[in-house]
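Asker: Just passing along the structure, written as structure tokens.
No value in this document is a laboratory result; all are computed from the given coordinates. What you are looking at is a predicted structure, and each value in this text was computed from that prediction instead of being measured. Cβ placement follows ideal geometry from the backbone for every residue including glycine, while neighbour counts extend to all protein chains displayed.
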Amino acid sequence: MEKKASFNLAGKEEFEYIMEVFGRCTDDYLFLLDLDEDEYSISQRALEKFDLPSAHFSNAGKVLEQVIYPEDFPALSEDLDRLKYMGGTEHDMEYRWMDREGRLVWISCRGVVIQDTREMSRMLVGRITEIGSKRKADDVTGLFAERQFQLDYKKIRKKGRRGTLLRIGVDNFKEVNERYGIEVGDGVLKMIAQCMEQVSGTERCYKVNGDEFLVLLMEDDVQEARKKYHQVRILIEEQRREQGYRNFYTISSGVVGFSSEELDFEDLSNYSEFALGMAKKNGKNCSYIFREEDYKAYMKSLDIQEKLRYAVNHGFEGFEVFYQPIISVKTEQIVGAEALLRFSCGEYGMLSPGIFIPILEESGLIIPVGEWVYQTAMRQGMEWQEMIPNFRININLSFIQICKSDVVSGIMAAIRELGINPGTVLFEFTESGMISYDDSVQRLLDVLNENQVKIALDDFGTGYSSLAYLKNLRVNLLKLDRSFTSKAVSSDFDYKLIGHIVDMAHSIGMGVCFEGIETEEELTKLRMLSPDYIQGFYYGKPVDRQKFYEQNIRSFSNA
Ligand code: C2E
Ligand code: MG
Ligand code: MG
């Protein structure tokens, strides 16, 4: 049973005053809800985090509905009705608010109903605690938690000091837990915590995000911080040796030099998470020192990703397929074109595939975009086949499309639906994808082969060009990259090497296309090596369908 509140000590104004005073002495937010007048007061500090109109406002229900997570609002509303209409005197709920950035924040809200001394209205008075940020220490390691780090940094900011933040994270911690069990996982965290404390000396260490550690170093020297990371590694190695190598794991680190006057907590946290992310991206078991240029490039790539996603969801607006002619060396006539994707948006203009293709791949957007490309290119190819019989259309496929989607079914369905002759369609793969080839690559190659769809190995000469595996892949065409072919003019060695590659490819029934031929000199010299096809600026740059038609197809339709 709820206790009857008996705090009829003060009126609303006194309470608001008391709230303001006590509000400054606690991390919680104090609040007062006038149940009859639907008016609300909350500690001024809440405005920094939540999008509230002011510390005192009327129409409380309506205003709070904007801040409280919609799914949780009905339950709260019901509880307030209980207080308002059914004589309830206590409120104790956990639910979610949305902060200014739209993030969900779990809060615990407790209060009691009291009567205004002038008996005018009933008020719910209490406190709101952010549950997530309440914890100031970590149970497993005994280190301070993120909340304490936030408070400590606030103090540093007040003094305007400079320093370095070192963030250390366990590489593949999920795997450590899976392989050795949670207990060993906890042991790993404890061990790292001990090593960190040894290395950090008098500076505080914090444990954050489950498997990451922070040290705030009050010296403005990122190289020193990096050294500390290496010291932690050495200590961990020693401990593991002492314990008999019962487990294996590595750690990475991100280092951010900061001036606390310039950098607020949020930015410092973001920079530091980015820095650790970069270390992991660079291969793990290493450290990365924050560079603003990299961060800006990363933010730009996120922005581009947003624009690409928008375009995908709006009928592929901004995407365009360009075409570059491919010439037969024997006849010196055009035999087909390579479809090359372009993307333009207002802010960045036309972006090069070197920038946006990796973003499409990382975000998985290459799957819908790639499908759009092969459908568009095949449709275009068919149109031009009316003027140039068997006009071949080359389409690039990304390894992500092959491994993370059922691209082969999509391709075969498109070929059937369009009614294009499969022998006039060629898919280009890059070497890196082929080398790490798995079941899905093999299945794709099998299905394409069975259906007479052609296959090319693209960019040969850029990676670990290995001739040995070409035969097994049953590739129809080898495309030699410009970085390789361009050397042939100046280097006798490369010229001879390319000659041998052409002979070898021909001897196992593969065609050869030289890419990136720009000048007459290159053409004259490289033609002597008897490739089958040539593609390069010399014969034409990639252009849109209209220009391609004007430059390469129209003359055929007139003929
Ligand atoms: P790639 O498939 O090797 O395409 C040939 C690239 O070489 C094209 O660059 C083309 O413009 C360039 N090129 C051709 N001739 C010359 C030349 O004479 N000199 C020089 N300097 N460059 C020449 P682009 O269009 O920038 O495409 C770059 C790469 O982006 C492509 O290389 C391909 O790997 C990828 N890509 C383009 N479109 C697609 C697509 O639809 N899907 C996928 N997965 N990748 C694509
Ligand atoms: Mg290509
Ligand atoms: Mg290429």
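Asker: Just to confirm a number: summing +1 for Lys and Arg and -1 for Asp and Glu over residues other than Arg554 whose beta-carbon lies under 13 angstrom from that of Arg554, what do you get?
Answerer: Values: positive: Arg545, Lys547; negative: Glu383, Glu386, Glu550.
Taking every other residue near Arg554 into account, the sum is -1.
Asker: Identify, among Trp372, Ile236, Leu30, the residue whose Cα sits farthest towards the positive end of the charge dipole of the chain, taking +1 on the Cβ of Lys and Arg and -1 on the Cβ of Asp and Glu, with the dipole about the Cα centre.
Answerer: The one lying farthest along the dipole's positive direction is Ile236.
Asker: Scan around Phe31 for amide H atoms under 5 Å from its own, H built in the peptide plane at 1.01 Å from N, and keep only partners 5 or more places away or cross-chain.
Answerer: Gly126, Arg127, Ile128
Asker: Here is a follow-up. Considering the dipole of the chain built from charges on the beta carbon (Lys and Arg +1, Asp and Glu -1) around the Cα centre, which of Met196, Phe493, Gly88 is farthest to its positive end?
Answerer: Phe493
Asker: Using amide H atoms built 1.01 Å from N in the peptide plane, name the residues 5+ places from Ile455, or on other chains, whose amide H lies under 5 Å from its own.
Answerer: For Ile455, whose amide H was placed from the backbone, the distant partners under 5 Å are Phe427, Asn476, Leu477.
Asker: Report the gain in length on full extension from Met93 to Asn390: 0.36 nm times residue separation, minus Cα-Cα distance, nm rounded to one decimal.
Answerer: Numbers: separation 297, 0.36 × 297 = 106.92 nm, distance 7.12 nm.
Value of the extension gain: 99.8 nm.
Asker: Taking R0 as 45 Å, what FRET efficiency do you get between Asn421 and Asp221 from their Cβ-Cβ distance, rounded to the nearest 0.05?
Answerer: Details: r = 66 Å, r/R0 = 1.47.
E(calc), rounded to 0.05, equals 0.10.
Asker: I would also like to ask the following. Charges only on Cβ, +1 for Lys and Arg, -1 for Asp and Glu: so what's the dipole of segment 348-435 about the Cα centre, in debye to the nearest 20? Please list the in-between numbers first.
Answerer: Values: 4 positive and 9 negative charges, 23 e Å.
Value, rounded to 20: 120 debye.
Asker: Charges at C-beta only: +1 for Lys and Arg, -1 for Asp and Glu. How large is the resulting dipole of the chain about its Cα centre, in Debye rounded to 20?
Answerer: Details: 68 positive and 91 negative charges, 257 e Å.
Dipole size: approximately 1240 debye.
Asker: With each label point set 7 Å from Cα along the Cα-Cβ vector, what nm distance links Lys154 and Ser344?
Answerer: In this crude spin-label approximation the distance works out to 5.1 nm.
Asker: Explain nothing, just the number: relative contact order of segment 323-557, from Cα pairs under 8 Å at least 6 residues apart, as a whole percent.
Answerer: On the way: 354 pairs, mean separation 49.6, N = 235.
The value is 21 percent.
Asker: State, as an integer percentage, the relative contact order of segment 271-399 based on alpha-carbon contacts under 8 Å between residues 6 or more apart. Before the final figure, lay out the partial values.
Answerer: Working: 129 pairs, mean separation 26.4, N = 129.
It rounds to 20 percent for segment 271-399.
Asker: Can you tell me the relative contact order of the chain? Whole percent, Cα pairs under 8 Å, sequence separation 6 or more. Please list the in-between numbers first.
Answerer: Working: 904 pairs, mean separation 46.6, N = 559.
So the answer I get is 8 percent.
Asker: For a protection proxy built on the mean count of beta-carbon atoms within 10 angstrom, sort 19-27, 522-530 highest first, please.
Answerer: Numbers: 19-27: 13.4, 522-530: 16.1.
Sorting 19-27, 522-530 by mean packing, highest first, produces 522-530, 19-27.
Asker: Arrange the following residues from fewest to most other Cβ atoms within 10 Å of their Cβ: Ser54, Ser486.
Answerer: Listed from fewest to most nearby Cβ atoms, that is Ser54, Ser486.
Asker: Rounded to the nearest 0.05, what FRET efficiency do Glu266 and Leu497 have when you use their Cβ-Cβ distance and R0 = 45 Å? Walk me through the numbers on the way to the answer.
Answerer: On the way: r = 54 Å, r/R0 = 1.21.
Approximately 0.25, to the nearest 0.05.
Asker: Round to the nearest 10 and give me the degree value, 0 to 90, for the angle of helix 265-281's Cα axis relative to the longest principal axis of the chain.
Answerer: 40 degrees
Asker: Can I ask one more? Rounding to the nearest 20 debye, state how big the charge dipole of segment 146-290 is about its Cα centre with +1 on each Lys and Arg Cβ and -1 on each Asp and Glu Cβ. Could you put the intermediate results ahead of the total?
Answerer: Working: 24 positive and 24 negative charges, 24 e Å.
Dipole of segment 146-290, to the nearest 20 debye: 120 debye.
Asker: I'd like the FRET efficiency for Glu320 and Gln452, computed as 1/(1 + (r/R0)^6) with the beta carbon distance as r and R0 of 30 Å, rounded to 0.05. Don't jump to the answer; show the numbers that get you there.
Answerer: Values: r = 29 Å, r/R0 = 0.96.
Computed FRET efficiency for Glu320 and Gln452: 0.55.
Asker: When averaged across all projection directions, what area in nm² does the alpha-carbon convex hull of the chain cover? Write out the running numbers ahead of the final one.
Answerer: Values: hull surface 145.2 nm².
For the chain, the mean projected area of the Cα convex hull comes to 36.3 nm².
Asker: If you plug each phi of segment 32-40 into the Karplus form 6.51 cos²θ - 1.76 cosθ + 1.60 with θ = phi - 60°, what whole-Hz ³J(HN,Hα) values come out, in order, with x for Gly and Pro?
Answerer: Computed from phi, the couplings for segment 32-40 are 9, 10, 7, 5, 7, 8, 6, 10, 9 Hz.
Asker: Here is a further query. Can you list residues whose amide H is under 5 Å from Ile326's amide H, if they're 5+ apart or on another chain and H is modeled 1.01 Å from N?
Answerer: Val335, Gly336, Ala337, Glu338
Asker: Can I ask one more? Taking the 0 to 90 degree range and rounding to the nearest ten, how far is the long axis of helix 353-363 tilted relative to the main principal axis of the chain, both from C-alpha atoms?
Answerer: 50 degrees
Asker: While we're here: Whole-Hz ³J(HN,Hα) for each residue in segment 335-351, computed from phi via Karplus 6.51 cos²θ - 1.76 cosθ + 1.60 with θ = phi - 60°, x for glycine and proline: what do you get?
Answerer: My calculation for segment 335-351 gives 10, x, 8, 9, 7, 10, 6, 10, 9, 10, 9, x, 6, 10, x, 7, 9 Hz in order.
Asker: What is the angle, in °, between the Cα long axis of helix 492-507 and the longest principal axis of the Cα atoms in the chain? Nearest 10 is fine, range 0 to 90.
Answerer: 80 degrees
Asker: Along the charge dipole of the chain, which of Phe144, Phe265, Ala46 sits closest to the positive end, that is, farthest toward it, with unit charges on the beta carbon of Lys, Arg, Asp and Glu (+1, +1, -1, -1)?
Answerer: Result: Phe144, furthest along the dipole toward the positive end.
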